[in-house]
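Step one of this worksheet: look at the structure below.
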Amino acid sequence: MESRDATAGALVRTDGKQKTAKSVSTPKKKDQAKPQSKMEQIFGFKKQDLSSWSSLVALLNQPMDPASLGIFRCLFGLLMAVDITQERGLSHVDYKYLDGAPVCRFPLFNFLKPLPMDWMYLVYLVMFLGALGIMLGCLYRLSCLMFITTYWYIFFLDKTAWNNHSYLYGLIGFQLTLMDGNRYWSLDGLRRPSIRNAHVPLWNYTLLRTQIFIVYFIAGVKKLDADWMGGYSMSYLAHHWLFDPFKAILPVELVSLLVVHGGGLMLDLSAGYLLFFDATRPYAMVFVSYFHCMNSQLFSIGMFPYAMLATSPLFCYADWPRKFFGRFPAFLRGVLPLTRTEPQTSSSCVYPEEPSSGRQRRPQSSSSPKFRFKHKLATIFAVVYILEQFFLPYSHFITQGYNNWTNGLYGYSWDMMVHSRSHQHVKITYKDGQTGEVGYLNPGVFTQSRRWKDHGDMLKQYATCLSDLLPRYNISEPQIYFDIWVSINERFQQRIFDPRVDIIKADWSPFRPNVWLMPLLVDLSPWRTKFQEIENTLDNQTEIVFIADFPGLHLENFVSEDLGNTSIHLLQGRLNVEVVEEKKNYSLEAGEKIQVPAGAYHRVYTVSEVPSCYMYVYVNTTESELQQSFNKLLDLQESIRNGTATEPLPPELQPLVSIDDDAQMDSDSDDNNITDPILRLFLKRQRRIKEVKKRREASVLERLERFTVKKYYAIRRGFLMTAIAMRNLALGLPPIEQLKQEVAFANMKQPEVEGNEPHKDEVDHGEL
């Protein structure tokens, strides 16, 4: 095997050194490579390579085969072109940036505003063309600039869409802008033979490999969090069908703890190291590929799993594409990347001086490579960038205003999937500053996002936006109060922000702690083990919500009439419960409970000196009765099928006879003739169940066809709407009727199939 090279690690050499000798001055066969030290065999560089500045410059700028970088450039550009039509939102730009709509937005910097809608389509078009240019290696630098400028503009325009992989795409795009990614398999190489198949400096590979190593390793370090180690972060994943093989030998609790959480932790901590070394890389390739394929099914994270799969070959030897494509038939070599030609020299690299005579070669230590300014600048940039990337995930002590229960804005800390949240209660109260009138707003009014509920900086932006919009509705000098209840990693539901603070007037700074953030009650975390014990004692129809509140605060709640059997059980502290309509107060001590009436408001006051802990226990009586009716209809249906029915079927239940008929099952046309709402809802439910079963049992080809058709219509809409916008910019708006027809044509979808809607566990009561 060849000596260990840079493709296996951040500062690792490749056989590029040996190939450089061939391309500069081919040595005679009797010349033998110098014996390598153990460190050089393992890591690919010697201790002396890091002993001085000049040695480091020579190391990071030494020539490398451009093949692996060129293939990654092509794959990244392709994935970004697909991503732009999906997760970046080309297919629904008009919904997000509709001109004139009163929408509250959450940019990183408040001066950032979206352009008019047609111009936003132009922004997306420039970004898409940039991604295509990166993929093809056509006008490479310009394409990279087109991509990253528009990408980061859209990224900074909406903090609510931030996530780790979107941030990673922007970083990689920025890195590629500075790299020689068009030296292999590119249109630029065809136009400019001087750069075709030319060496690239080692730091090109160093940055990319280090970036991917950081993604894995820091994600693993963040998973050392107590909640992840205890199995509370992603416990629901264990119920996914992908983990069925593990559930065949382990209970679901151990699958969650050992496979989901333990396996995720070990893979993230070790993947970067395993990809580094020759001996472990094949095994790492298998595990990370399986991991990312699973993620593509577990989460809606767009191109991220495939982008990470595309980064894995970067850790292999840089000439792996030559060996791979060299095995293809000869008649395909005209369109495939180069496989045999040795790379040519490049001014971006540093080469050792040639030996003074043809016979004798001066030792490398005596050679004095000439460094140009760009070589030194590239080395400084590589070192600073790597240090910055290691520092940024832990920089939250600087940007304290963005810290909430978790540190910083989600997206640049690599704390992927460490925290899961559920929101039980969100109330927005406004008060007219002149009249004193108090009212309530629907949560999320004037916004298209829900993430503002967990971030103080976004809450401040949202309140400021509401203060600008509410005067249009005769609310003067509004005051805005938020009462938001959140559970993080299966803890108690508790307030995240102080409901007594007018957020419009509240002070906020990116560099100071948020004073109106309520503390996370971590002292109550041990209760989570008790939660499971309590839930195990309940039947399938009984639901439960665990609440914790601060002394001096109260919860105002309304019990729906559907919840006919609702009670409050006090676990810790002391409560006063006020039933508003009855104008009565009831005191509760730990271990006591009280029934609260349905269809009425009540208030729960925490009067103890410590936080109170209590739980709502309730039964959805309407749903329970509906389910009983469904069970009776199901039994009747089974008796009809089995021929065991003892009484003639009433006329109003005759649709049960034809329920197995596909024509009847696949059509809602006769539902209007069914007078019984229970029966109509039952038949609709059965159709949904049948459709879900049909989809789950579909073959791979059928699923692929369904997936392809769905993506086709989404991408089709994006491009047609872009064409309409470009026409509008170039020629002006057409008559309104023509515009309606064009948009209707763009909105055309695949023919609807009955039962297409996803089956829900919750029963829809709207028809009753």
Discussion item. What whole-number distance in Å separates the alpha-carbon centres of region 227-282 and region 285-357?
Written reply: 28 Å
Discussion item. Can you work out the Karplus-derived ³J(HN,Hα) for every residue in region 199-206? Use 6.51 cos²θ - 1.76 cosθ + 1.60 with θ = phi - 60°, whole Hz, and x for glycine or proline.
Written reply: 4, 10, x, 4, 5, 4, 6, 4
Worksheet entry | Protection-proxy order for peptides 193-205, 500-512, 211-223, 239-251, each taking the mean of Cβ atoms within 10 Å per residue, highest first | 193-205, 211-223, 500-512, 239-251
Item to complete: Identify the residues of region 156-179 with backbone N under 17 Å of a label point that sits 7 angstrom from the Cα of R372 along the Cα-to-Cβ direction, or state none.
Response: 178-179
Worksheet item: Along the Cα-to-Cβ line of E437, 7 Å from the Cα, sits a label point; which residues in region 455-483 have backbone N less than 19 Å from it?
Response: 466-481
Fill in: Note, ³J(HN,Hα) from phi for region 258-271, Karplus 6.51, -1.76, 1.60, rounded to Hz, x at Gly and Pro
8, 8, 5, 7, x, x, x, 5, 5, 5, 5, 5, 9, 4
Item to complete: Estimate the FRET efficiency between L298 and I678 by the formula 1/(1 + (r/R0)^6), using the beta-carbon distance for r and 35 Å for R0, to the nearest 0.05.
Response: 0.45
Worksheet entry | In Hz, Karplus ³J(HN,Hα) per residue of region 500-509 (6.51, -1.76, 1.60; θ = phi - 60°; x = Gly, Pro) | 8, 9, 6, 5, 4, 8, 5, 7, 8, 9
Item to complete: Please tell me which of these pairs span more than 26 angstrom C-alpha to C-alpha: K46/K370; K323/K376; K46/K374; K453/K593?
Response: K323/K376; K453/K593
Worksheet entry | Options (i) 1.07; (ii) 1.70; (iii) 1.15 - which one matches Cα Rg over 2.2 N^0.38 Å as calculated here | (iii)
Worksheet, complete the sentence: Any residue on another chain or 5+ positions along whose placed amide H is under 5 Å from the amide H of L571 is listed here as G591, C613, Y614, M615
Item to complete: Return the FRET efficiency for the residue pair I398, A330: r is the Cβ-Cβ distance, R0 is 60 Å, and the value is rounded to the nearest 0.05.
Response: 0.55
Discussion item. Sort 325-338, 617-630 by packing, meaning the average of other beta carbons within 10 Å per residue, with the highest value first.
Written reply: 617-630, 325-338
Fill in: Peptides ranked, highest mean first, by Cβ atoms within 10 Å: ranges 144-151, 642-649
144-151, 642-649
Discussion item. Taking C-beta distances below 4.7 angstrom as the pairing criterion, name the unpartnered cysteines of the chain, in sequence order.
Written reply: C74, C138, C144, C293, C316, C349, C613
Discussion item. With angles folded into 0 to 90 degrees, how steeply does helix 527-536 sit against the dominant principal axis of the chain? Use alpha carbons for both and round to 10.
Written reply: 60 degrees
Discussion item. If each residue of separation counts as 0.36 nm, what is the full-extension length gain between L653 and R641 once their alpha-carbon separation is subtracted?
Written reply: 2.9 nm
Practice prompt. Using the structure shown, select from K684/K710; K96/K222; K684/K740 the pairs with a Cα to Cα distance greater than 28 angstrom.
Written response: K96/K222; K684/K740
Worksheet item: If each of A698 and V515 carries a label point 7 Å out from its Cα toward its Cβ, how far apart are those two points in nm?
Response: 5.7 nm
Response to the item:
Taking a probe of 1.4 Å and leaving out DNA, RNA and ligands, the chain shows per residue an accessible area in Å² of 51 Å²
Practice prompt. Based solely on C-alpha atoms, express the radius of gyration and the Dmax of region 365-429 in angstrom.
Written response: 21.2, 76
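The values are calculated or read from the model by the stated rules, or taken from the named source; none is laboratory data. Every value quoted in this text rests on a predicted model; they were computed, and no experiment measured them. With ideal geometry, Cβ positions are generated from the backbone for all residues, glycine too; neighbour counts draw on all protein chains shown. The area values use the complete protein model at the heavy-atom level, side chains included, leaving out ligands, DNA and RNA. Shrake-Rupley method; radii C 1.70, N 1.55, O 1.52, S 1.80 Å.
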